[in-house]
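These notes concern the structure reproduced below.
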Amino acid sequence: MHIGIGVWAFVVYIAFVIIWNVAVKRHIAEAMAIGLLIAAAFNGANAPMAFVRGLVGAMQSDIILAIMLFLIMSTIMSKTGIFQRLVNILNSILGRVRGGPAYVSSCASALFGLASGSGTGNAATVGTITVPWLVQTGWPKETAAVMNSGNAGLGICLPASSSMLLMLGSATVAQYVTASSLYIPLLCGGLWCLLYRMILVRYYVWKYKIPALPSDQIDSLKTSLKHGGSSLLLLLGILVPLSLIIGPLSGALKAAESFGETGAGAINIIIWVPVLITLICLIEGRSMLPKSLPQWKELLLSVQKTCVASGAAGIFALAGSVALTSAGFGDDLQVLLESLNMPPILMVLAVGVIVVLVAGPLSATAATVGLGPVAFAAMVGVGVSPIAAVVAFLVFVSTEGASPPSAAPIFISCGIAEVEDVSVTFKPMILHYVIPTVIIASLIAMGILPLING
């Protein structure tokens, strides 16, 4: 069995980052920076170009800009007190339920994921509301970031996600599976994943002893709306960009000659959400803002440390992914997967592990395009039914937001939660989200977790 240089590059890269951060106990940004050098080195004579191309590509990425914007947004939200007023309203509705915000977070991620098709956009948009709410109601901020990242890919394993459409667009898959035959089974697969997350929330509630809020700390809905109803304007920062990319307004814009598909496609929700929410906070909470230039300087410097830590780690992580792709990681991995000859359960697990490793540094979309048909053929080849193979693959690839160390939703979530050391989320991400999701997908493929056929 031949293992290409791109696969070895990835193995060495991941091993070094983990050892340098966990065993040597150096900062994750430093581990990622050296990891980038290692990934670039596997490009041979093109190493300098791979290094530069990776850095330039990362620094031009919308994701890095989004991380910075969300950090600034969080600071402004905290300073103006708008989110505390919104939390009071939300607690009036769900404050008497232990862990209520976490259940809302899981369900909201599933629903928004269907609309956005992006784990990063999901983590950013849902996390804007739910992560600070979780922290305000007693959850550890690291756990809030973990849950938000772990939920980010939920929409991918529910119909009709962009990854589902990409799979159906493949000639290899299309001859066996249609949209109508896949819809209900994929819905079942997604609900298995959502059910697991609900059970996990219940475990977290027990582990961290999350209480329901005392009745004397919960205002009536009428009272909370009277004192903080204007904070609901914050939701416009999400609803306005969302209406421009899905729904009737989006359809009208795409049909308009002066706007069209190109204009609609240029609307980036992970940029516009923090920009609009920041503007709303500045207007709604203007009375609580600094009154002088030195006070503004102090406010912006307060987020500097987190910005530097999260931003640097994010840049080096994305740059490393670019360098690995240049080294032939995707192509070599596809060749390796095609050459495997294993019993059904081992083949399914091998496919799952490989898909998870690819989806983290790349994305669900890129992993589906590059590996979807090959993974489908490998599973069907060992006896997995075609529909179960598609569902299992989409559940595997839904780990894109929870796969350390390079998944963008991790950095977005830690930025919103103000977690400076991103690496503290890695272990719970793997143990509580990545591994269970691989197990769920494998059980679906083997027919142990049933799917209802449409």
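Evaluate the following for Val424: is it in a loop (DSSP other than H, G, I, E, B), in contact (Cβ under 8 Å) with a residue 24 or more places away in the chain and under 27 Å from Gln136 (Cα atoms)?
Working: in a loop (DSSP other than H, G, I, E, B): no; in contact (Cβ under 8 Å) with a residue 24 or more places away in the chain: yes; under 27 Å from Gln136 (Cα atoms): yes.
Here the answer is no, as Val424 does not meet what is asked.
Can you run down the residue pairs with Cβ atoms below 6 Å, 6 or more apart or on separate chains, where the first is in segment 27-48 and within 22 Å of Gly4 (Cα to Cα) and the partner is among the polar types (S, T, N, Q) and surrounded by 17 or more Cβ atoms within 10 Å (Cβ to Cβ)?
So the pair list comes out as Asn43/Ser326.
Filter segment 378-402 for residues that are under 26 Å from Asn341 (Cβ atoms), touching a residue at least 40 places away in the same chain (Cβ under 8 Å) and part of a loop (DSSP other than H, G, I, E, B) and give the result.
Val382, Val384, Ser385
For segment 385-427, enumerate the residues that are among the small types (Gly, Ala, Ser) and touching a Pro at 6+ places or on another chain (Cβ under 6 Å).
Gly401, Ser406
The rows are residues; the columns are (1) within 23 Å of the chain's Cα centre (by Cα); (2) small (Gly, Ala, Ser).
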{"residue": "Val12", "(1), (2)": "no, no"}
{"residue": "Phe16", "(1), (2)": "no, no"}
{"residue": "Trp20", "(1), (2)": "no, no"}
{"residue": "His27", "(1), (2)": "yes, no"}
{"residue": "Ala33", "(1), (2)": "yes, yes"}
{"residue": "Phe42", "(1), (2)": "no, no"}
{"residue": "Ala45", "(1), (2)": "no, yes"}
{"residue": "Pro48", "(1), (2)": "no, no"}
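Are any of the residues in segment 299-314 at pLDDT 80 or above, under 27 Å from Phe51 (Cβ atoms), β-branched (Val, Ile, Thr) and within 27 Å of the chain's Cα centre (by Cα)? Spell out how you get there, then give the answer.
Keep residues of segment 299-314 that are at pLDDT 80 or above, which gives none.
No; the residues of segment 299-314 include none that is at pLDDT 80 or above, under 27 Å from Phe51 (Cβ atoms), β-branched (Val, Ile, Thr) and within 27 Å of the chain's Cα centre (by Cα).
Which number in (1) in contact with a Cys (Cβ under 9 Å, 6 or more places away or on another chain); (2) crowded, with 24+ Cβ neighbours inside 10 Å; (3) over 22 Å from Ala110 (Cβ atoms) marks the one condition that Val419 misses?
With respect to (1) in contact with a Cys (Cβ under 9 Å, 6 or more places away or on another chain); (2) crowded, with 24+ Cβ neighbours inside 10 Å; (3) over 22 Å from Ala110 (Cβ atoms), Val419 is out only on (1).
Hey, can you tell me all the residues within segment 337-361 that are more than 16 Å from Met446 (Cβ to Cβ), of a type in the set (A, V, I, L, M, F, W, C) and over 21 Å from the mean Cα position of the chain (by Cα)?
Answer for segment 337-361, where residues must be more than 16 Å from Met446 (Cβ to Cβ), of a type in the set (A, V, I, L, M, F, W, C) and over 21 Å from the mean Cα position of the chain (by Cα): Leu337, Leu340.
For segment 176-199, give me each residue that is aliphatic (A, V, I, L, M) and either touching a residue at least 60 places away in the same chain (Cβ under 8 Å) or closer than 19 Å to Gly372 by Cα (or both).
Across segment 176-199, the qualifying residues are Val177, Ala179, Leu182, Ile184, Leu186, Leu187, Leu194, Met198.
Residues Leu239, Leu213: which one is under 21 Å from Met77 (Cβ atoms) and either without any contact (Cβ under 8 Å) to a residue 24 or more places away in the chain or out of contact with any helix residue (DSSP H, G or I) (no Cβ under 7 Å at 6 or more places or on another chain) (or both)?
Matching residue, one of Leu239, Leu213: Leu239.
The values are calculated or read from the model by the stated rules, or taken from the named source; none is laboratory data. All figures in this text were calculated on a predicted structure; none of them were measured in a lab. Backbone-built Cβ (ideal geometry, glycine too); neighbour counts: all protein chains shown.
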